[in-house]
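Just below is one structure, and these are the notes that go with it.
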Amino acid sequence: MARFLWLTWDGAGNLPPSLGIARVLTTRGHSVSFAGRPEMVTRVRVAGFRTIELARAYEQVQAYPQGPFQRLACYVTSPAVAQEVAELVAVEDPDVAVVDCMFAAALVNLCAYGRPTAVMVHSFVHRALDGWRAHINRLVDMREAAGFGRLPGVDALWGRADRVIATTLREFDAPAAAGAPTRLRHVGPVLGGHLAEPVDLPWSEDDATPLVVISFSTGVEQVSVQAFQRALDAVAALPVHVVATTAGLIDAADLSVPANAVVLGYADHDALFPRASLLVTHGGHGTAMRALAHGLPAVLTPALAFDQPIIGATFEEWGCGRALPAGASAAALHDAVAHVLAHPSYRDRARARAAALQGVDGAAGAADELEALLPARPDRRGG
């Protein structure tokens, strides 16, 4: 049995696939522990894994510029967190350290951990490499503005790892981007292992009325009551049934719910999507890939994550949906939803893309890559 220490955060697109991979490792006899900020602890413990709270997550937050990313930037870049993580790795002494691709405070010390390391990227790499660089630089800029000095960028941080594992399909990513990590492995999306329970809908399964699913980000920083309300308003007058899922982060009482819709905290998307005709979403990688796996077209309007507009543009490029800008109005959403529903070609192209995902098990592929690091102890590289 090997011990894996997962250094991450509870981003909506980061934690669920990480837990899916951890479940596979556990079934193979390994031990997986997660370490992260306080907000993450309960979610991981509920999933059944040992969890270590990083107590210094926000120790230096007041030094960081105010804004929606203040706490996140402090957690993923601050010197206090970097020191706590380095001390934790020494105490836990894992066989492999697995680090989220955004966790610069953990990535900066990869070479000093003295053990195999892997960086996890839960989205496109080549399509989004410039975006990854800009996003990490934005967080590093905030650290520098806080007076803590500058960290390296993505190329140097990821380049320190023994392996960079992308939970996306290689065929879906763009051709290799200049400067992309040389130890990159695409393993496919992690779509299984989610714990959402099935729900009973108020409409019979043989009801021919099109079903529209609304699902936006489950990340705390990206939650928007306004975005949910605009989506609900957009479909209120359409001849459709609507299921909106909030991940328990929005109270239905705070929404004006039209007569053709139900709002749920949690629902099993793998049960909903085969019945659905369209998804309205923020364009998170995991949700988008799950929709494609079911041949479901989408209307995408991004929240705050930088890769969401890229994923929306990719859906448009493939003819699998329509992409709208962040904050798109209810009228614009209405027109996009009506257009996609009226043109079967979107469904046809989504189903064509689904063929590439059949039989793909990203969780097992990622677990294979992590296990491959166990026998060797490669020379640690400087810098």
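Just so you know, all these numbers are worked out from the coordinates, no wet-lab data involved. Note that the structure is predicted; figures quoted are calculated from it, not measured. With ideal geometry, Cβ positions are generated from the backbone for all residues, glycine too; neighbour counts draw on all protein chains shown.
Quick notes on this one:
- For the chain, with +1 on Lys and Arg beta carbons and -1 on Asp and Glu, the positive-most of 321, 360, 164 along the dipole: 164
- For the chain, size of Cβ-based charge dipole, Lys and Arg +1, Asp and Glu -1, in debye: 860
- By other beta-carbon atoms within 10 Å, ranking 280, 125 with the fewest at the front produces 125, 280.
- Charge dipole (region 211-357, unit charges on Cβ, about Cα centre) - positive-most of 333, 264, 304: 333
- Lys, Arg +1 and Asp, Glu -1 on Cβ, resulting dipole of region 211-357 about Cα centre, debye, nearest 20: 420
- Mean projected area of the convex hull spanned by the Cα atoms of region 1-151, taken over all viewing directions: 8.7 nm².
- Debye, to nearest 20: dipole size of region 270-383, +1 on Lys, Arg Cβ, -1 on Asp, Glu Cβ: 120
- Exposure proxy order (Cβ contacts within 10 Å, fewest to most) of 240, 235, 85: 240, 85, 235
- Projected onto its three principal axes, the C-alpha set of the chain covers 61, 44, 40 Å, listed from the longest axis down.
- Signed unit charges on C-beta, dipole axis of the chain, positive-most listed residue 190, 174, 255: 174
- Here is the size of region 211-357 from its Cα atoms: Rg then Dmax, 13.6, 40 Å.
- Report note on the peptides 13-20, 152-159: ranked by the mean count of other C-beta atoms within 10 Å, highest first, their order is 13-20, 152-159.
- Cα centroid separation, region 321-373 to region 1-17 (Å): 24
- On Cα atoms only, tilt of 129-145 relative to the major axis of the chain in degrees: 60
- Ranking of 246, 301 by count of other Cβ atoms within 10 Å, fewest first: 246, 301
- For the chain, calculated [θ]222 nm from helices alone, where every DSSP H run of n ≥ 4 adds -39500 (n - 2.57): -11000 deg cm²/dmol
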